[in-house]
Amino acid sequence: MESIEKKLRQAVDAFNEENYQVSFNIFKPLAEQGNAKAQFYLGFLYRIGQTVNQDYYQAYRWYLLSAEQGYAEAQYKIGLMHYKGQVVKKDFQKAFDWYSLAAKQQNPKAQFNLGVLYRRAQGVTRDNGKALDWFLAAGKQGYAIAQFTVGVIYANGQGVSKDFQKALKWYLLAAEQGHIDAQHNLGWMYYHNEGGIPQDFQKAFKWYSLAAEQGDLKAQFSLGVMYDNGQGVPQNYQKAFKWISLPAEKGDAKAQFFLGCMYEDGQGVTQDYKKAIKWYTLAADKNEHMAQSNLGHLYANEQTDELDYIQAHKWFNITGAKEKEEIEKLMSSNQISEAQELARMWIKKYKDH
């Protein structure tokens, strides 16, 4: 007769290969016979709705049977369902109790989540020291989000003395596993010489690139700036334009301002004052002061073919620029009144929003 362990290996292999029907056919009878591992996997199949209809009640039932036998991953899942209030009432205390059982068995996800509970005072008294202990426990097992979190704690001095060397160490561990925020933060530290970390544009470029390729908007903007300045990489305005366009299109005000500058100057892209106005306006409406100022100057410049004294006056008015007085000499009283009204309307709609 085939051993139970051999059947479990076959079922797990099938599960990992996404052959869920085969895995279900093996797990179900073993789970019904009381095997904790099979019970956990059967619960997981119900949770993700593979082979069977998604059913959180059945998932909870099988997880609980497994957890009560001491299966750590099931204990973690039961804790998570209590934390989120899935099927059962949201209960941070029960989440804490189940996470604790799994954490004692070195389950890194449960250890990390215990840290979160201690930091947020959910189901337990706030204790930043114990939170850090659990984050460290998970981080030492290679859990990337825990490593990143430890880095943030040391970088910001949250309950501990600021220590940028320790922050760098933990960010590196997480970043090497592909953690996007850790990659961005490493880029920032190397670029800005933060906390005495030696400035290194090549390392900053490396980490910004990895985060940018994963879609991090902040890293994409920073990468564009590095291409624009030729920092850590040969200067390339076209690549700068490419990377800065991505966060600009997602609504990032600084990127929109920068894109406006590139269109105005014809840097990395064909000069286009209409597009410069478009991007400046998007940034200006988010209270990007330099974009507002540039709009005023662009509309006041006869050489751009976008001459509009009313719009120029509006933006100079909004920014409090002295150029407003000079432009008024070229305007009629009606034009000045119209510009002032436009400025009032803009301030009412956008200022401090």
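Is it the case, given these coordinates, that Y299 is modelled with pLDDT of 95 or more, within 21 Å of K250 (Cα to Cα) and touching an Asp or Glu at 6+ places or on another chain (Cβ under 7 Å)? Lay out the reasoning, then the answer.
Working: modelled with pLDDT of 95 or more: yes; within 21 Å of K250 (Cα to Cα): no; touching an Asp or Glu at 6+ places or on another chain (Cβ under 7 Å): yes.
In short, no.
W98 - would you say it is over 27 Å from the mean Cα position of the chain (by Cα), over 21 Å from K7 (Cα atoms) and among the hydrophobic types (A, V, I, L, M, F, W, C)? Before you say what the answer is, go through the steps one by one.
Numbers: over 27 Å from the mean Cα position of the chain (by Cα): yes; over 21 Å from K7 (Cα atoms): yes; among the hydrophobic types (A, V, I, L, M, F, W, C): yes.
Criteria met by W98.
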Unique match (being surrounded by fewer than 22 Cβ atoms within 10 Å (Cβ to Cβ) and over 19 Å from Y309 (Cα atoms)) among T281, T270: T270
Please specify each residue of the stretch 293-309 satisfying the condition of being outside any loop (DSSP other than H, G, I, E, B) and surrounded by fewer than 24 Cβ atoms within 10 Å (Cβ to Cβ). S293, N294, H297, L298, Y299, A300, E302, Q303, T304, Y309
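Inspect the stretch 165-186 for any residue being touching a Pro at 6+ places or on another chain (Cβ under 6 Å), among the polar types (S, T, N, Q) and within 30 Å of L282 (Cβ to Cβ) and give the result as yes or no. Steps first, please.
In the first step, residues of the stretch 165-186 are kept if they are touching a Pro at 6+ places or on another chain (Cβ under 6 Å); the result is none.
Taking every residue of the stretch 165-186 in turn, none turns out to be touching a Pro at 6+ places or on another chain (Cβ under 6 Å), among the polar types (S, T, N, Q) and within 30 Å of L282 (Cβ to Cβ).
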Against the definition (more than 19 Å from the chain's Cα centre (by Cα) and either under 29 Å from I277 (Cα atoms) or outside the structural domain of W279 (by TED's automatic domain parsing) (or both)), how does D200 come out, yes or no? yes
Select from the stretch 310-353 the residues that are of a type in the set (A, V, I, L, M) and in a helix (DSSP H, G or I) and list them in ascending order. I310, A312, I318, I327, I336, A339, L342, A343, M345, I347
When the residues of the stretch 222-254 are filtered to those that are closer than 19 Å to D265 by Cα and of a type in the set (D, E, K, R), which remaining residue is surrounded by the most Cβ atoms within 10 Å (Cβ to Cβ)? D228
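If I filter the stretch 55-66 for residues that are in contact with a Ser or Thr (Cβ under 8 Å, 6 or more places away or on another chain), farther than 26 Å from Q147 by Cα, hydrophobic (A, V, I, L, M, F, W, C) and at pLDDT 95 or above, do I get at least one hit? Break it down stepwise before answering.
Start the filter on the stretch 55-66 by keeping residues that are in contact with a Ser or Thr (Cβ under 8 Å, 6 or more places away or on another chain), which leaves none.
No, the stretch 55-66 contains no residue that is in contact with a Ser or Thr (Cβ under 8 Å, 6 or more places away or on another chain), farther than 26 Å from Q147 by Cα, hydrophobic (A, V, I, L, M, F, W, C) and at pLDDT 95 or above.
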Just one of Q122, Q105, Q69, Q93 is within 25 Å of the chain's Cα centre (by Cα) and without any contact (Cβ under 8 Å) to a residue 60 or more places away in the chain; which is it? Q122
For the stretch 203-259, which positions are closer than 24 Å to E176 by Cα and assigned to a loop (DSSP other than H, G, I, E, B)? Q214, G215, D216, Q231, G232, V233
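The values are calculated or read from the model by the stated rules, or taken from the named source; none is laboratory data. Owing to the predicted nature of the structure, the values given are computational and were not obtained by experimental measurement. Cβ atoms come from the backbone with ideal geometry, glycine included; neighbour counts cover every protein chain shown.
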